[in-house]
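Note sheet for the following structure.
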Amino acid sequence: METSSQDKPMMTGDRTIPPEGARYITIYIMGQAYEIPETLTILKALEFAGFQYKRGCGCRGGICGACGTFYRKEGDHTLFTGLACQTVAEDGMILAQLPFFPANRADHAGVDMDLSPDEQINTLYPEIFRCVGCGTCTRTCPMDIDVMGYIAHFKRGDVARGAKTSFDCIMCGLCVSRCPANISQMNVAMAGRRIYAAQMMPRSEATKSRADQVREGRYEPALAELAQMSKEELKELYVGREREPDLSKPGEWMPADTTNL
Amino acid sequence: MSSEGNIRVPYYPGCTLKTKAQGFERSAMECSEALGFVLDELKDWNCCGASFPLTKDNLMGLAGPTNVLIEAEKHCQEHNVAPSVVTLCSFCYNTLKRTSHAFKEDPSKRTTLNAFLERDYQGTIKVEHYLEYLRDTYGFDKLAEQVKVDMSSIRVAPYYGCLLLKPGKEIGLDDPEEPTILHDFLDAIGVTVVDFPAQVDCCGSYLVMREPEKAMNLSSGILDEAGEYGAQALVTACPLCQSNLDKCQRSKTSTKDGLPVLYFTQLLAMALGLSTENHQFEDHQIDPRPVITACGIGCSEKSE
Amino acid sequence: MLIEPQGQSLTAIQELERSTGEKITDCYQCGKCTAGCPASMDPPPSVLIRKLQLGMFDEVVSEQSIWSCMACLTCSERCPKGVSPAAIIEGLKLIHLRDMDPQVQAEELGQEFLAQSTQQAVVSGFRKFI
């Protein structure tokens with residue numbers, strides 16, 4: 001049975017209840033003025049104004065990188081950036097969303113694994129050597145990552161540091177859109193983190209030995225036991241589970257039943 | 001006179017010294033410590049841009065080096081040392097020095113760059129090459145006193161290349177056509193100097209990207225001349241010269257009488273009697289160790 | 001006879017002088033730049049400058065020899081008139097590069113070159129050719 005569009009369940013954020021007595025401010029969306037109540041995030045303001053975002057809107061928690069936004073303020077030459085879901089709309093904001101920006105993505109499968117990690121980056125993304133060090137990317141990043149810094153780290157072959165510096169990247173692409181050297185920073189960083197994780201990061205011996213135990217079937221009996229429990233029994237087991245006290249010192253606490261350790 | 005090696009010299013390595021020329025940096029670090037000073041690497045730095053933009057309107061090319069100068073200024077203020085920065089690589093040296101010169105000549109460029117970068121470079125940094133530091137601050141005389149190993153049995157041709165010296169008016173390290181700084185350095189550490197005419201010729205530089213054969217020919221010419229004048233090795237201050245001179249020998253059919261190309265700091269380390277185990281000689285196309293050992297100079301893998 | 005560049009060539013040459021900060025008419029054709037040029041450019045720097053003096057901008061800007069210059073600065077160092085042929089040549093290169101006419105494709109450089117080269121060579125090459 002079809003329902004009318006008004007009866008459709010509203011998505012989060014579609015219906016905004018402005019705070020009591022909220023003042024209305026003017027924002028500009030693609031050049032058009034809209035009156036919206038203050039205190040809203042840019043994303044909610046867009047929705048309040050009647051736009052529905054299917055792309056360019058994701059987690060609403062500032063971590064998925066879908067809602068990159070450029071904006072200016074009236075009478076200010078500065079180009080600001082932010083995530084629409086995290087930035088509060090201000091009076092006089094002139095907004096443009098950047099749901100997507102074309103970026104160069106190299107074929108990682110084609111890389112020669114005999115090369116050292118830094119040489120792999122060089123062959124995948126030679127354009128990093130076009131960086132002039134203008135710093136626009138760093139000033140653009142809504143996550144306050146030192147983008148120019150990590151490109152510099154990759155350029156000088158310090159893949160580990162580049163991977164760490166870029167770790168908070170949410171792939172919004174704002175840096176890519178601004179780079180005068182046409183570098184796709186976010187994809188360079190992604191390659192750097194993958195190469196670091198796959199080839200350089202120290203491996204934990206304990207993880208390896210435990211994984212071997214799993215493969216050898218050490219936990220099969222315990223799993224079989226769980227698998228035949230009823231939902232109620234599982235709930236009971238979960239609720240009644242033994243928990244490590246919050247303030248116990250590492251290595252001091254032990255559960256009563258140690259058969260599965 | 002190493003007063004616990006506590007003189008800290010602000011130091012900008014540049015990208016190549018962290019990858020293809022690690023032996024250059026490590027040998028310089030070890031020599032410095034033996035001589036009683038420490039190369040203190042800037043905390044954050046980016047690529048200097050490698051080539052200084054030759055046209056007056058290309059301000060974008062100054063952004064990279066300006067960022068480096070800003071970091072150097074910050075470093076010097078934090079560590080309370082005179083505003084200066086020492087480099088090893090000729091390219092970095094040239095770019096940074098010419099940038100600071102351009103700012104002195106035309107302060108409006110500095111204003112423009114500061115406004116664009118939204119940072120504040122005050123224009124105080126003095127850019128120095130490691131050789132310059134050894135000559136002017138440490139002193140070649142004093143350096144000669146520190147020499148522990150007799151190096152006179154090896155005949156070395158000093159190869160300057162281009163960017164260490166030119167343009168003479170802006171760089172001012174030495175005479176751009178008849179330089180002596182490397183000669184004097186080699187004299188000080190007791191090496192037999194082979195003066196050869198191609199000492200300031202171009203190795204082909206970045207032409208390896210577009211016309212590699214031409215670049216290799218230029219490098220071969222320099223090597224041939226050094227060989228003709230009886231050199232057993234070349235010494236340079238530039239990783240790109242080193243790489244070009246080295247690679248063109250690999251591409252030649254005969255490498256039997258190949259000339260090893262060393263960084264000047266590697267020879268210095270040998271003269272000071274230091275271990276060369278960190279010098280990455282295995283990265284060189286022409287391994288210098290056989291020649292050096294044949295000259296009776298210790299080229300120790302491990303300090304004994 | 002003094003041949004004065006006219007029309008579009010004049011504008012282009014004035015623009016080149018502005019961009020490089022060099023004065024093309026300062027050159028008195030001693031040929032020291034050409035004598036010292038290790039890149040064996042053909043036509044060599046002094047000929048390029050002479051042609052610019054004669055207003056032959058279109059011909060000079062499309063010469064292949066400008067791409068052989070490796071900015072060793074020997075010419076600029078030796079010029080008795082303080083002209084920097086290297087800067088003029090770089091100005092000519094920039095006319096191509098600023099017009100999105102790269103001389104090297106980064107994607108075609110090949111793994112061996114990119115993996116084995118010093119950063120100096122790659123960064124400089126990108127500045128001068130792309």
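The numbers here are math on the coordinates, done by the rules we state, and not lab data. Everything quoted here is computed from the prediction, not taken from an experiment. Here Cβ is always computed from backbone atoms with ideal geometry, including for glycine, and neighbour counts include all displayed protein chains.
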Sparse-neighbourhood loop hits (chymotrypsin sites (Phe, Trp or Tyr not before Pro), the stretch C:21-130; DSSP loop; Cβ within 10 Å at most 14 others) -> C:Y28
What is the magnitude of the charge dipole of chain C about its Cα centre, with +1 placed on the Cβ of each Lys and Arg, -1 on the Cβ of each Asp and Glu, and no other charges, expressed in debye to the nearest 20? 480 debye
For Cα pairs less than 8 Å apart in space and 6+ apart in sequence, what is the mean separation divided by the residue count of chain C, i.e. the relative contact order in percent? 26 percent
Once normalised by the length of chain A, the mean sequence separation of its alpha carbon contacts under 8 Å that are 6 or more apart gives a contact order in percent of 13 percent
Determine which residues of the stretch A:60-97 fall in the zone a paramagnetic label at A:T39 would reach in this model, i.e. backbone nitrogen under 19 Å from the point 7 Å along Cα→Cβ. A:85-92
Ratio for the stretch B:147-294, C-alpha Rg to 2.2 N^0.38 Å, reads 1.00
Springs between alpha-carbon pairs under 10 angstrom, Gaussian network model over chain B: which of B:H79, B:H284, B:H183 fluctuates most? B:H79
Cysteines without a disulfide-compatible partner [chain A; Cβ-Cβ under 4.7 Å]: A:C57, A:C67, A:C85, A:C131, A:C134, A:C141, A:C169, A:C172, A:C179
Förster radius 60 Å - calculated FRET efficiency between A:Q228 and B:T124, Cβ distance, rounded to 0.05: 0.20
Between A:V214 and B:N217, what is the label-to-label distance in nm when each label sits 7 Å out along the Cα-to-Cβ direction? 6.2 nm
Within a Gaussian network of chain A (alpha carbon springs, distance under 10 Å), most fluctuating of A:T136, A:T123, A:T207: A:T207
Do me a favour and compute the ellipsoid semi-axes for chain B from its Cα gyration tensor, root of five times each eigenvalue, largest one first, whole Å. 32, 24, 16
Taking a ≥ b ≥ c as the square roots of the Cα gyration tensor eigenvalues, with a/c under 1.5 meaning rounded and otherwise prolate when a/b beats b/c or oblate if not, the protein assembly as shown comes out oblate
B:K109: which lysines have alpha carbons under 28 Å from its alpha carbon, excluding same-chain residues fewer than 8 sequence positions away? A:K155, B:K43, B:K56, B:K74, B:K97, B:K126, B:K166, B:K169, C:K23, C:K81, C:K93, C:K128
Top mean-square fluctuation among B:G36, B:G273, B:G258, Gaussian network model of chain B, C-alpha springs under 10 Å? B:G36
What distance in nm separates the two pseudo spin-label positions at A:R241 and C:Y28, each 7 Å out from Cα along the beta-carbon direction? 9.1 nm
Please report the equivalent ellipsoid semi-axes of chain A, computed as sqrt(5 x eigenvalue) of the Cα gyration tensor, largest first, in whole Å. 42, 34, 17
Karplus-derived 3J(HN,Hα) from phi for the stretch B:63-73 (6.51 cos²θ - 1.76 cosθ + 1.60, θ = phi - 60°), whole Hz, x at Gly and Pro, runs 4, x, x, 5, 4, 5, 5, 5, 4, 5, 4
Specify whether the C-alpha gyration tensor of the stretch B:165-213 places it in the rounded, prolate or oblate class, a ≥ b ≥ c being the square roots of the eigenvalues: rounded for a/c under 1.5, otherwise prolate if a/b is larger than b/c and oblate if not. oblate
Amide H contacts under 5 Å for A:T41, placed H, 5+ residues apart: A:A89
For the stretch B:17-69, run through the trypsin sites (Lys or Arg not before Pro) and keep only the ones in DSSP coil with at most 11 other Cβ atoms within 10 Å of their Cβ. B:K43
